[in-house]
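Take a look at the structure below.
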Amino acid sequence: AQSLAALGLRHGLQVGTAVDLAVLNDANDPQYRRLAASEFSSVTAENAMKWESLEPTRGVYDWAAADQLVEFARRNKQSVRGHVLVWHNQLPTWLTSGVADGSISKQELRELLRKHISTVVKRYKGKIWQWDVVNEAVSDPWDTPSTLHYKGFWAQNLGPGYIADAFRWARAADPRALLFYNDYNIEAFGSGNPADDKSQFVYDMVKGLRAQGVPIDGVGSQGHLGTQYGNYDTLQVTAALKKFGSLGVATAFTEVDVRSELPDPGDSAEINPRLQASAANFSVLMKACLAVRSCLSYTVWGFTDRHSWVPGWFSDPPQGMATIYDENYQPKRAYHELKSDLIFA
Ligand code: G3I
């Protein structure tokens, strides 16, 4: 049978996964490495390229895990989505505590950011297809204040101008990498869901950046969905990708997973409703991506329920079953549905 990667390439679409480097290196878990290599044409480091992983001690970069991912991709002829240059989470403690206690000034912070972007992007120059330059810079309607705004460490300390700076610094370091803004809850516009306003906010932001000549090449829509929220509609998601694409940028689904509340009551019906709903959600995003020229890649945020960030993150109520293979590496309905989308597109 053909892999997701091979079927995607028929359409010029890369099908990717986030990769956990610790698991990739676990000799007792060989299936993980085998499937990561064979089923996907693109890989993203789930954590290994984040600032806290790369520079745990000030001035001392540890490239081991990130280098391994890039080497794994090279050996398997995969492209790499670089993730992530600027984010408010998973920053090294020396950085956040230095800012908190005043030992790192705002001016120094800006310079540290410039240096970080330049150092990381230069190291992998020519080896990264798409970089998530800025991640999750925009608030959600449930944040305070509820009016959408630029949120988090970077906006608070440097003001929103850091976004344009980050893209310029990244472009200077590797002129050929595609530079993405990446965020969640931007899968659709105007469906009546309050989170939709965030799509419009991001749209306006990207439009503004492009108008100022800021080198932004893409919008990454993460695609963290849940079966308890119902399904998006293919036309709605297609329209959203088109709308972002109309700004002259590429688009991509960058972190797709579809979680469910646990425990799963299971097979009371002939068809497990959670597995079915999960498959439907994975499929809506895939169909939309296939329908829109700007959509370059479809990446899942982990491919097996054996290793997924979801159960560790959502405990009240517990959630899981978020990926396309079960805990024993058996393909789930979502996997088959993605394949049929790719076959029949
Ligand atoms: O590395 C330590 C390990 O030494 C320790 O024993 C263990 C105990 O908890 O923690 C490990 O660190 C964890 C790290 O993942 C590596 O596994 C952190 O606690 C945990 O918080 C961290 O979670 C990651 C999360 O980002 C943190 O923000 C998830 O793996 C990762 O999937 C998730 O990814 C983000 C994207 O980058 C951006 N979009 C949202 C997405 C999901 O939250």
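Read the figures in this text as sums done on the coordinates, not as results from a lab. These figures come from a predicted structure and were not determined experimentally. Cβ placement follows ideal geometry from the backbone for every residue including glycine, while neighbour counts extend to all protein chains displayed.
For region 25-102, the relative contact order works out to 39 percent when only alpha carbon pairs closer than 8 Å and six or more residues apart are counted. Residue order for TRP154, TRP131, fewest other beta carbons within 10 angstrom first, comes to TRP154, TRP131.
When the Cα positions of ALA252, HIS11, SER97 are compared along the charge dipole of the chain, HIS11 comes out farthest toward the positive end, with charges on each C-beta of Lys, Arg, Asp and Glu. Only one residue of TYR232, PRO273, PHE72 has its Cα farthest out toward the positive end of the dipole of region 4-344, where Lys and Arg carry +1 and Asp and Glu -1 on Cβ, and that residue is PHE72.
Each of THR144, THR93, THR254, THR299 has some number of other Cβ atoms within 10 Å of its Cβ, and from fewest to most they run THR144, THR93, THR299, THR254. In summary, the lysines within cross-link reach of LYS125, defined as a Cα separation below 23 angstrom excluding same-chain residues under 8 places away, comprise LYS50, LYS77, LYS115. Restricting the calculation to alpha carbons of the chain gives Rg and Dmax of 19.5, 62 angstrom.
The distance from the alpha carbon centre of region 269-326 to that of region 102-175 is 28 Å, rounded to a whole number.
When DSSP assigns beta bridges and you keep just the ones with both residues in the chain, what percent turn out antiparallel, to the nearest 5? If you can, show how the numbers build up before the last one.
On the way: 7 of 43 bridges.
Rounded to the nearest five, the antiparallel share is 15 percent.
Remark: relative contact order (the chain) = 16 percent; criterion is Cα-Cα distance under 8 angstrom and separation of 6 or more residues. Per residue, the average separation of C-alpha pairs within less than 8 Å and at least 6 apart gives region 289-345 a relative contact order of 29 percent.
Given only helices, namely DSSP H runs of n ≥ 4 each adding -39500 (n - 2.57), what is the per-residue ellipticity at 222 nm of the chain, to the nearest 500 deg cm²/dmol? It would help to have the intermediate numbers written out before the result.
Details: 14 runs with 145 residues, N = 345.
Helix-only estimate at 222 nm: -12500 deg cm²/dmol.
Placing unit charges on the Cβ atoms of the charged side chains and taking the dipole of region 4-344 about its Cα centre, the candidate lying farthest along the positive direction among TYR61, ALA155, TYR124 is TYR124.
In the chain, which helices (entire DSSP H runs) extend 15 Å or more along their own long axis, judged by Cα positions, while averaging at least -0.5 on the Kyte-Doolittle scale? All intermediate terms of the calculation are to be shown ahead of the outcome.
Values: long enough: 64-75 (16 Å, -0.12); 106-123 (26 Å, -0.89); 161-173 (19 Å, 0.09); 196-211 (23 Å, -0.63); 234-245 (16 Å, 0.42); 273-291 (27 Å, 0.69); 333-344 (16 Å, -0.33).
Span-like helices here: 64-75, 161-173, 234-245, 273-291, 333-344.
Given +1 at the Cβ of Lys and Arg, -1 at the Cβ of Asp and Glu and no other charges, the dipole of the chain around its Cα centre is 1600 debye to the nearest 20. Going Cα to Cα from LYS242, which lysines come in below 24 Å? Please leave out same-chain ones fewer than 8 positions away. Here the lysines satisfying the reach criterion relative to LYS242 are LYS198, LYS207, LYS287, LYS339.
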